[in-house]
């Protein structure tokens, strides 16, 4: 009787082991099938993923430019410069001028562009002028707040230099450039043209880029998008 019980227990254990091995084999087959399917479809999945992510790629953000106002002002001044290496002459400045309400009397040429312009009472981010024609002062604020009496000091310098250059009063423009088009705090809003990067983007987007300048177009789009 005892021998029959032991034999029965062995048969039961063998059955359980067999079922377990069969279950493990089934899992292995399923895993192999899943891995095979993954490897088969992987190239298509990667391609689809790249197509979704590619439009979000931004070379300027990748380079870590961030909210550095000096660097952003340098880029803007470079675009304004008619003799700069972008090869589009005064097109960017002409687009900017149309946004702020500056009517150019003739072809935009022969003007000067300066960054970190040291005046009598202030340092202005960008100054563009042409003697006896126009004077534009740009204060570029990304994330920083205005300094003590900053815009009043900059406007004082604008008036002083514009007078020395024989610039007509109606062709002097003080521009307060921000990402959100906010009004100035340390200057008279009536004397300042508030401008957003969105408006600059719209103006620059209308510029007909040369066929050989698609790299420039992508850079300008990424630059403004990064702000």
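Some observations on this one:
- In the stretch 205-216, residue nearest to residue 101 (Cα to Cα) [restricted to those that are out of contact with any helix residue (DSSP H, G or I) (no Cβ under 6 Å at 6 or more places or on another chain) and surrounded by 16 or more Cβ atoms within 10 Å (Cβ to Cβ)]: 216
- Residue in the stretch 159-170 that is touching a helix residue (DSSP H, G or I) at 6+ places or on another chain (Cβ under 6 Å) and surrounded by 14 or more Cβ atoms within 10 Å (Cβ to Cβ) present: no
- Looking only at the stretch 60-81, and only at residues there that are touching a helix residue (DSSP H, G or I) at 6+ places or on another chain (Cβ under 7 Å) and in a helix (DSSP H, G or I), the one that is surrounded by the fewest Cβ atoms within 10 Å (Cβ to Cβ): 61
- Total residues in the stretch 111-145 satisfying the condition of being free of Cβ contacts under 8 Å to residues at least 24 places away in the same chain and at positive phi: the figure is 0.
- In the set (1) closer than 24 Å to residue 210 by Cα; (2) in a loop (DSSP other than H, G, I, E, B), residue 121 fails one condition alone, (1).
- Among the conditions (1) touching a strand residue (DSSP E or B) at 6+ places or on another chain (Cβ under 7 Å); (2) assigned to a helix (DSSP H, G or I); (3) touching a residue at least 60 places away in the same chain (Cβ under 8 Å), residue 213 misses just one, which is (1).
- Of the residues screened, residue 175 is not one that is surrounded by fewer than 19 Cβ atoms within 10 Å (Cβ to Cβ) and modelled with pLDDT of 90 or more.
- Residue in the stretch 84-107 that is at pLDDT below 95 and in contact with a strand residue (DSSP E or B) (Cβ under 7 Å, 6 or more places away or on another chain) present: no
- Scan of the stretch 131-166 for residues that are farther than 21 Å from residue 194 by Cβ and either part of a loop (DSSP other than H, G, I, E, B) or at pLDDT below 95 (or both), ordered by number: 131, 132, 133, 165, 166
- Enumeration of residues in the stretch 185-200 that are more than 21 Å from residue 171 (Cα to Cα) and surrounded by 16 or more Cβ atoms within 10 Å (Cβ to Cβ): 186, 197
- Any hit, the stretch 189-197, residues being in a strand (DSSP E or B) and either under 19 Å from residue 70 (Cβ atoms) or in contact (Cβ under 8 Å) with a residue 60 or more places away in the chain (or both): yes
The values are calculated or read from the model by the stated rules, or taken from the named source; none is laboratory data. Keep in mind that what you see is a predicted model, and the values were worked out from it rather than measured. In this analysis, Cβ positions are derived from the backbone assuming ideal geometry, glycine residues included, and neighbour counts consider all displayed protein chains.
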